[in-house]
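As C-alpha coordinates, the structure follows; a few thoughts come after it.
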Amino acid sequence: MRCLLTTLAALLGGQAAMAGDDPGEALFDKHCAVCHQPGGSGSPGFAPPLAGALGQRLQVEEGRAYFPRVLRGGLSGPIESKGQRYNGAMPPFAATALSDAEAATVLNYLLGGLNGALLPAGFQPYGADEIGALQGRPVAAGDNRKLRERIDALLKNGPHAQPLRGSLPPEGAALPALPPGDGPAMKKGG
Ligand code: HEC
(Lines give C-alpha, C1' and ligand atoms only; values in the text may rest on other atoms or scores of the structure.)
Protein backbone atom coordinates (compact mmCIF):
# COMPACT_ATOMS: atom_id res chain seq x y z
CA MET A 1 0.00 0.00 0.00
CA ARG A 2 2.69 2.45 0.98
CA CYS A 3 4.49 1.51 -2.18
CA LEU A 4 1.40 2.36 -4.23
CA LEU A 5 1.01 5.71 -2.51
CA THR A 6 4.63 6.57 -3.11
CA THR A 7 4.25 5.72 -6.77
CA LEU A 8 1.11 7.84 -7.02
CA ALA A 9 2.77 10.78 -5.32
CA ALA A 10 5.73 10.49 -7.66
CA LEU A 11 3.44 10.37 -10.68
CA LEU A 12 1.42 13.38 -9.59
CA GLY A 13 4.55 15.31 -8.66
CA GLY A 14 6.04 14.51 -12.03
CA GLN A 15 2.96 15.75 -13.82
CA ALA A 16 2.93 19.01 -11.92
CA ALA A 17 6.58 19.52 -12.80
CA MET A 18 5.88 18.72 -16.46
CA ALA A 19 3.07 21.24 -16.70
CA GLY A 20 5.61 24.05 -16.17
CA ASP A 21 4.53 27.69 -16.27
CA ASP A 22 3.93 28.01 -20.01
CA PRO A 23 0.33 29.27 -20.23
CA GLY A 24 0.10 27.83 -23.75
CA GLU A 25 1.00 24.40 -22.45
CA ALA A 26 -1.58 24.69 -19.67
CA LEU A 27 -4.25 25.59 -22.24
CA PHE A 28 -3.13 22.74 -24.47
CA ASP A 29 -3.34 20.27 -21.58
CA LYS A 30 -6.82 21.51 -20.75
CA HIS A 31 -8.36 21.67 -24.24
CA CYS A 32 -6.32 19.57 -26.64
CA ALA A 33 -4.45 16.83 -24.81
CA VAL A 34 -7.57 14.70 -24.33
CA CYS A 35 -7.30 13.81 -28.03
CA HIS A 36 -3.79 14.81 -29.10
CA GLN A 37 -2.15 13.63 -25.85
CA PRO A 38 0.09 15.72 -23.58
CA GLY A 39 3.01 17.07 -25.55
CA GLY A 40 1.02 16.55 -28.77
CA SER A 41 2.28 13.03 -29.42
CA GLY A 42 -1.07 12.02 -30.94
CA SER A 43 -3.33 8.97 -30.64
CA PRO A 44 -2.63 6.58 -33.52
CA GLY A 45 -5.71 6.07 -35.67
CA PHE A 46 -7.68 8.74 -33.78
CA ALA A 47 -6.01 12.15 -33.49
CA PRO A 48 -2.84 13.04 -35.41
CA PRO A 49 0.44 13.98 -33.73
CA LEU A 50 1.02 17.71 -33.46
CA ALA A 51 4.58 17.72 -32.11
CA GLY A 52 7.21 17.87 -34.81
CA ALA A 53 4.53 17.44 -37.49
CA LEU A 54 3.29 20.94 -38.34
CA GLY A 55 5.96 23.63 -38.36
CA GLN A 56 7.00 23.06 -41.98
CA ARG A 57 3.59 24.32 -43.16
CA LEU A 58 4.61 27.83 -42.16
CA GLN A 59 7.15 27.81 -44.99
CA VAL A 60 4.32 28.74 -47.32
CA GLU A 61 2.12 31.76 -46.87
CA GLU A 62 -1.08 29.71 -46.75
CA GLY A 63 0.25 27.90 -43.70
CA ARG A 64 -0.08 30.99 -41.57
CA ALA A 65 -3.87 30.92 -41.93
CA TYR A 66 -4.18 27.16 -41.58
CA PHE A 67 -3.72 26.89 -37.81
CA PRO A 68 -6.20 29.56 -36.67
CA ARG A 69 -8.68 28.22 -39.20
CA VAL A 70 -8.42 24.66 -37.87
CA LEU A 71 -8.76 25.93 -34.31
CA ARG A 72 -11.86 28.02 -35.03
CA GLY A 73 -13.41 25.88 -37.76
CA GLY A 74 -12.22 22.35 -37.11
CA LEU A 75 -10.91 19.80 -39.59
CA SER A 76 -12.57 16.70 -40.97
CA GLY A 77 -12.06 14.02 -43.56
CA PRO A 78 -9.17 11.73 -44.50
CA ILE A 79 -5.68 13.09 -43.89
CA GLU A 80 -2.23 11.60 -43.56
CA SER A 81 0.27 12.61 -40.92
CA LYS A 82 3.72 11.13 -40.46
CA GLY A 83 2.84 8.23 -42.73
CA GLN A 84 -0.34 7.34 -40.82
CA ARG A 85 -3.92 7.82 -41.99
CA TYR A 86 -6.62 9.58 -40.00
CA ASN A 87 -10.24 10.19 -40.82
CA GLY A 88 -11.70 11.94 -37.84
CA ALA A 89 -13.13 15.28 -36.91
CA MET A 90 -11.41 17.99 -35.03
CA PRO A 91 -14.10 20.01 -33.21
CA PRO A 92 -14.20 23.77 -33.79
CA PHE A 93 -13.30 25.90 -30.76
CA ALA A 94 -15.55 28.94 -30.52
CA ALA A 95 -14.45 32.14 -28.83
CA THR A 96 -16.58 31.15 -25.84
CA ALA A 97 -14.30 28.13 -25.29
CA LEU A 98 -10.99 29.81 -26.15
CA SER A 99 -10.74 33.60 -26.40
CA ASP A 100 -8.73 35.11 -29.25
CA ALA A 101 -5.83 35.72 -26.85
CA GLU A 102 -6.00 32.14 -25.51
CA ALA A 103 -6.21 30.74 -29.03
CA ALA A 104 -3.07 32.69 -29.98
CA THR A 105 -1.32 31.49 -26.82
CA VAL A 106 -2.11 27.83 -27.47
CA LEU A 107 -1.06 28.11 -31.15
CA ASN A 108 2.22 29.72 -30.13
CA TYR A 109 2.88 26.79 -27.79
CA LEU A 110 1.87 24.35 -30.53
CA LEU A 111 4.27 25.90 -33.04
CA GLY A 112 7.02 27.51 -30.99
CA GLY A 113 7.03 24.86 -28.26
CA LEU A 114 6.17 21.61 -30.04
CA ASN A 115 7.42 22.42 -33.56
CA GLY A 116 10.27 24.80 -32.85
CA ALA A 117 12.81 22.85 -34.89
CA LEU A 118 10.62 22.96 -38.03
CA LEU A 119 9.76 26.65 -38.03
CA PRO A 120 11.11 28.92 -40.76
CA ALA A 121 13.47 31.65 -39.61
CA GLY A 122 11.68 34.80 -38.60
CA PHE A 123 8.55 33.08 -37.29
CA GLN A 124 6.33 35.71 -35.69
CA PRO A 125 4.10 34.50 -32.86
CA TYR A 126 0.36 34.73 -33.49
CA GLY A 127 -1.46 37.68 -32.00
CA ALA A 128 -5.03 37.80 -30.71
CA ASP A 129 -5.96 40.24 -33.51
CA GLU A 130 -4.99 37.65 -36.10
CA ILE A 131 -7.37 35.13 -34.56
CA GLY A 132 -10.06 37.78 -34.18
CA ALA A 133 -9.84 38.47 -37.91
CA LEU A 134 -11.63 35.15 -38.44
CA GLN A 135 -14.69 36.20 -36.47
CA GLY A 136 -17.96 35.96 -38.33
CA ARG A 137 -16.31 34.45 -41.38
CA PRO A 138 -17.18 30.95 -42.45
CA VAL A 139 -14.40 28.45 -41.82
CA ALA A 140 -15.64 24.99 -42.71
CA ALA A 141 -13.80 21.89 -41.50
CA GLY A 142 -13.89 20.39 -45.01
CA ASP A 143 -12.45 23.58 -46.54
CA ASN A 144 -9.64 23.46 -44.02
CA ARG A 145 -8.75 20.00 -45.25
CA LYS A 146 -8.59 21.34 -48.81
CA LEU A 147 -6.32 24.12 -47.59
CA ARG A 148 -4.13 21.48 -45.91
CA GLU A 149 -3.86 19.57 -49.19
CA ARG A 150 -2.94 22.75 -51.03
CA ILE A 151 -0.23 23.61 -48.53
CA ASP A 152 1.26 20.12 -48.76
CA ALA A 153 1.22 20.33 -52.57
CA LEU A 154 3.00 23.68 -52.43
CA LEU A 155 5.61 22.27 -50.06
CA LYS A 156 6.14 19.29 -52.33
CA ASN A 157 6.64 21.56 -55.33
CA GLY A 158 9.93 22.83 -54.02
CA PRO A 159 11.57 25.06 -51.47
CA HIS A 160 9.30 27.98 -50.72
CA ALA A 161 10.88 29.31 -47.57
CA GLN A 162 9.92 32.92 -47.28
CA PRO A 163 9.23 35.54 -44.66
CA LEU A 164 5.72 35.41 -43.31
CA ARG A 165 3.01 38.00 -43.55
CA GLY A 166 1.61 39.29 -40.33
CA SER A 167 -2.04 38.98 -41.26
CA LEU A 168 -4.48 36.39 -42.54
CA PRO A 169 -5.59 36.28 -46.16
CA PRO A 170 -9.29 37.11 -46.56
CA GLU A 171 -11.50 34.30 -45.39
CA GLY A 172 -13.93 32.72 -47.82
CA ALA A 173 -11.85 34.01 -50.72
CA ALA A 174 -11.10 31.46 -53.40
CA LEU A 175 -7.79 29.77 -52.70
CA PRO A 176 -5.04 30.90 -55.06
CA ALA A 177 -4.27 28.57 -57.94
CA LEU A 178 -1.26 26.31 -57.58
CA PRO A 179 1.83 27.62 -59.32
CA PRO A 180 2.42 25.65 -62.53
CA GLY A 181 5.29 23.30 -61.84
CA ASP A 182 8.23 25.26 -60.53
CA GLY A 183 6.63 28.57 -61.43
CA PRO A 184 7.61 31.77 -59.68
CA ALA A 185 4.19 32.22 -58.04
CA MET A 186 5.58 31.62 -54.56
CA LYS A 187 8.17 34.39 -54.75
CA LYS A 188 7.45 36.89 -52.06
CA GLY A 189 6.21 40.20 -53.33
CA GLY A 190 5.96 42.42 -50.29
C1 HEC B 1 -12.13 15.64 -29.68
C2 HEC B 1 -10.78 15.41 -30.07
C3 HEC B 1 -9.90 16.63 -30.39
C4 HEC B 1 -9.65 17.73 -29.60
C5 HEC B 1 -10.20 18.05 -28.23
C6 HEC B 1 -8.70 18.54 -30.33
N7 HEC B 1 -8.42 17.96 -31.54
FE8 HEC B 1 -7.15 18.69 -32.97
N9 HEC B 1 -7.66 17.15 -34.20
C10 HEC B 1 -8.50 16.10 -33.87
C11 HEC B 1 -8.64 15.21 -35.00
C12 HEC B 1 -9.45 13.93 -35.03
C13 HEC B 1 -7.86 15.78 -36.05
C14 HEC B 1 -7.72 15.22 -37.48
C15 HEC B 1 -9.00 15.42 -38.27
C16 HEC B 1 -9.04 14.62 -39.56
O17 HEC B 1 -8.76 13.41 -39.52
O18 HEC B 1 -9.36 15.21 -40.62
C19 HEC B 1 -7.25 16.99 -35.50
C20 HEC B 1 -6.40 17.82 -36.20
C21 HEC B 1 -5.74 18.92 -35.66
C22 HEC B 1 -4.78 19.75 -36.37
C23 HEC B 1 -4.30 19.54 -37.79
C24 HEC B 1 -3.15 18.58 -37.82
C25 HEC B 1 -2.57 18.35 -39.20
O26 HEC B 1 -1.83 17.37 -39.37
O27 HEC B 1 -2.82 19.15 -40.11
C28 HEC B 1 -4.37 20.72 -35.51
C29 HEC B 1 -3.38 21.82 -35.79
C30 HEC B 1 -5.07 20.50 -34.26
N31 HEC B 1 -5.89 19.40 -34.39
C32 HEC B 1 -4.91 21.29 -33.13
C33 HEC B 1 -5.67 21.15 -31.98
C34 HEC B 1 -5.59 22.05 -30.87
C35 HEC B 1 -4.65 23.23 -30.77
C36 HEC B 1 -6.51 21.63 -29.95
C37 HEC B 1 -6.86 22.27 -28.64
C38 HEC B 1 -7.23 23.66 -28.65
C39 HEC B 1 -7.16 20.44 -30.50
N40 HEC B 1 -6.61 20.18 -31.72
C41 HEC B 1 -8.16 19.72 -29.86
C42 HEC B 1 -9.12 15.91 -32.66
C43 HEC B 1 -9.13 16.80 -31.61
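The values are calculated or read from the model by the stated rules, or taken from the named source; none is laboratory data. The shown structure was predicted, so the numbers you read here are calculated from the model rather than taken from an experiment. Please note: Cβ atoms are built from the backbone with ideal geometry, for glycine as well, and neighbour counts cover all protein chains shown.
Residue count for the range 84-99, restricted to those that are buried (at least 17 other Cβ atoms within 10 Å of the Cβ) and among the charged types (D, E, K, R): 0. One residue stands out among those in the range 63-83 that are within 19 Å of Lys156 (Cα to Cα), buried (at least 17 other Cβ atoms within 10 Å of the Cβ) and of a type outside the set (A, V, I, L, M, F, W, C): the one that is farthest from the ligand (Cβ to nearest atom), which is Arg64.
One line per residue, one yes/no per condition, for (1) within 11 Å of the ligand (Cβ to nearest atom); (2) under 14 Å from the mean Cα position of the chain (by Cα):
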| site | (1), (2) |
| --- | --- |
| Arg85 | yes, no |
| Met90 | yes, yes |
| Ala97 | yes, no |
| Asp100 | no, no |
| Thr105 | yes, yes |
| Asn108 | yes, yes |
| Ala117 | no, no |
| Gly122 | no, no |
| Pro125 | no, yes |
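If you go through the range 127-151 and keep only what is without any contact (Cβ under 8 Å) to a residue 24 or more places away in the chain and within 11 Å of the ligand (Cβ to nearest atom), you end up with just Glu149.
If I filter the range 121-129 for residues that are modelled with pLDDT of 50 or more and assigned to a helix (DSSP H, G or I), do I get at least one hit? Yes, because at least one residue in the range 121-129 is modelled with pLDDT of 50 or more and assigned to a helix (DSSP H, G or I).
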